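Taken together, the values in this text are just the output of simple stated rules run on the coordinates, not laboratory data. Just so we're clear, the structure is a prediction, and the values are computed from it rather than from any experiment. Cβ placement follows ideal geometry from the backbone for every residue including glycine, while neighbour counts extend to all protein chains displayed.
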Amino acid sequence: METHSQKQYISEIKRLKIEKNAIILAHYYQTGDIQDIADFVGDSLALAQKAASNSADIIVFAGVKFMAETAKILSPEKKVLLPDMNAGCSLADSCKADDFKKFLNDNPGRTVVSYVNTTAEIKALSDIICTSSNAVQIVESLPPGEKLIFAPDRNLGNYVLNKTGRDMVIWNGTCHVHEEFSLEAILKLKKENPDAKIIVHPECELPVRMVADYIGSTSALLNFTRNDTGKTYIVATEVGIIHQMKKEKPGKKYIPAPPRDSTCGCSECSFMKVITIEKIYNCLLSEKPEILIDKNLLLRAQKPIQRMLEISENLGL
Ligand code: 13P
Ligand code: SF4
């Protein structure tokens, strides 16, 4: 069978998008070639906002499954496609619905704040959703005396706890990428590049957050490198974001923070990287694999996400 070149795939994708009134939404952790053909590139919050308001008939989600599910939940009338259903998430996997139900029973009377990096089932069990861009503001928007549960990322949860001082019980989940950064290697890089600023995603462990010059979600880190007067950055998040940083400010230097085990290549999210240009083409052509969610589950998961979007809009996030 004849296979297409990368160039042919890209031109076919462009043609199919017009023919089918489809858009491609891509997360910053996708490879550069995918970010470049996307109609919209963003962090989890911006992608949810875009999924909730666009005029396409088909959304091709270049990201991971929980993001595509969120898009479907916010736009149930659209066809939402995920080019490879193996694009999971170690963090979402660390929080299974049955275990979470037990956790809620063991900690009754608490408002449940869940990170968007969860399955639709977990969202349906939550009162409100947040992303790393708005987690602090979402928690602060809740009445001060309210007791909370935060799930599933323990590092983001601890970051939010330190910022807000709220009464919070935190689920013990982590992201395999952000958990793995080596403090030692980061400090060595800092020694070799004394002018570099260390910029860190809040899913990273406390020792790494403690040496950060700046902590923020992927879009916040991008904003920082865009507006900051510095010239060199040690970037402790998934390497994909560096593509946008270089595009926006090509004169600056971006050094990816290395993982503890340099053979594991952990600063790349293996789930994000299963998506390829070829798979995007195949999925646009065949309109498969499609995200399908039981209607009742979808409606229950929709409420807490919409609550997040309303608060974010009111806060101008
Ligand atoms: P943000 O997109 O909110 O920065 O989250 C990063 C992440 O881990 C997505 O999987
Ligand atoms: Fe999940 Fe971490 Fe990959 Fe994000 S980077 S999709 S949290 S495993």
Point to revise | Residues Arg154, Arg166, sorted so that the one with the fewest Cβ neighbours within 10 Å comes first | key: Arg166, Arg154
Practice item. Can you put Leu25, Leu309 in order of Cβ neighbours within 10 angstrom, beginning with the fewest? Key: Leu309, Leu25
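Please report the relative contact order for the range 76-201, taking Cα pairs under 8 Å with a sequence separation of at least 6, and give it as a percent rounded to a whole number.
22 percent
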Review point. Which residues' amide hydrogens lie under 5 Å from the amide hydrogen of Met168, considering only partners 5 or more residues apart or on another chain, with H built in the peptide plane?
Key: Leu148
Practice item. Based on other C-beta atoms within 10 Å, arrange Tyr159, Tyr28, Tyr254 from fewest to most. Key: Tyr254, Tyr159, Tyr28
Revision key, fill the gap. For the chain the mean separation of alpha carbon contacts under 8 Å (6+ apart) over residue count, i.e. relative contact order in percent, is 23 percent
Revision key, fill the gap. The range 170-245: relative contact order from alpha carbon pairs under 8 Å, six or more residues apart, as a whole percent, is 35 percent
Check your understanding: Using only the Cα atoms, what convex hull volume per residue in Å³ does the chain have?
Key -> 144 Å³
Exercise for review: Please report, to two decimal places, log10 I(q)/I(0) for the range 1-117 at q = 0.23, 0.24 Å⁻¹ as given by the Debye formula with identical point scatterers on the Cα atoms and no solvent.
Suggested key: -1.33, -1.40
**Study point:** DSSP-defined beta bridges in the chain - what % are antiparallel, rounded to 5
**Key:** 5 percent
Review point. For the range 121-180, which GluC sites (Glu not before Pro) are in a loop by DSSP, counting at most 15 other Cβ atoms within 10 Å?
Key: Glu146
Review point. Quick one: Kirkwood hydrodynamic radius for the range 191-317, alpha-carbon pairs, angstrom, one decimal?
Key: 17.6 Å
Check your understanding: How do the peptides 49-58, 108-117 rank, highest first, by the average count of neighbouring beta carbon atoms within 10 Å per residue?
Key -> 108-117, 49-58
Point to revise | Subset of Lys72/Lys197; Lys252/Lys273; Lys197/Lys279; Lys20/Lys273; Lys7/Lys78; Lys190/Lys247 violating a 30 Å alpha-carbon distance limit | key: Lys72/Lys197; Lys197/Lys279
Exercise for review: Enumerate the amide H contacts of Lys197 below 5 Å, restricted to partners 5 or more residues apart or on another chain; note that Pro and chain-start residues carry no placed amide H.
Suggested key: Thr232, Tyr233, Ile234
